[in-house]
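Here the structure comes first, spelled out in structure tokens, and everything after it is commentary.
Since every read-out is calculated from the coordinates, none of them should be taken as a lab result. Note that the coordinates shown come from a computational prediction; the quantities given were computed from them, not determined experimentally. FYI the Cβ positions are ideal-geometry reconstructions off the backbone, even for glycines, and counts take in every protein chain you see.
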Amino acid sequence: MKKNQLFIVLTTVALMMFNWAVLVYGHAAIVWAYAENNQVHVEAFFANGTKIQNTRVIVVDENGDTVLEGKTDTEGKFSYKPVSKKTQTVVVTSGESHVGDFELTPEDLADIVLE
């Protein structure tokens, strides 16, 4: 009987941990950024595919200084013209627990023409 009880307890704990992980990841903000047509395009969505609409976007340089701020549109998209080809990180914040980021390297920005 003790082996059955132990199995039930361990199975219950494992299922609870799995469900918690699914809930946390399901609300994770996913950010994807890429350079194209002389701009950086950002797309933000949750793990379930829902677009992160009208939410804050911050671009920071390699020193952690804010370069620019904006908001995603109703499609969860945001575009900007970079002012540098140095490493920069795009951060999307949709509430305290919904933060995602994407780092762009100089290689990612190689085709950008600065004005």
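Any chance you could check the Cα centroid distance between region 46-61 and region 83-111 for me, in angstrom?
If you average the Cα positions of each part, the centres end up 11 Å apart.
Report the label-to-label distance for Val113 and Asn63 in nanometres (one decimal), using points 7 Å from each Cα along the Cα→Cβ vector.
2.9 nm
Can you run phi through the Karplus equation (6.51, -1.76, 1.60; θ = phi - 60°) for region 101-115 and list ³J(HN,Hα) in whole Hz, with x for Gly and Pro?
8, 9, 9, 9, 9, x, 5, 5, 9, 4, 8, 6, 9, 7, 9
Report the charge-dipole magnitude of region 28-104 in Debye, nearest 20, computed about the Cα centre from +1 at each Lys and Arg Cβ and -1 at each Asp and Glu Cβ. Don't jump to the answer; show the numbers that get you there.
Values: 7 positive and 11 negative charges, 36 e Å.
Dipole size: approximately 180 debye.
Stretch Ser79-Gln39 to full length: gain in nm at 0.36 nm per residue minus the Cα-Cα span? Please list the in-between numbers first.
Values: separation 40, 0.36 × 40 = 14.40 nm, distance 0.66 nm.
The Ser79-Gln39 span can extend by a further 13.7 nm.
In sequence order, what are the phi-derived ³J(HN,Hα) couplings for region 78-84 according to the Karplus relation 6.51 cos²θ - 1.76 cosθ + 1.60 with θ = phi - 60°, rounded to whole Hz, with x for glycine and proline?
8, 10, 8, 9, x, 9, 8
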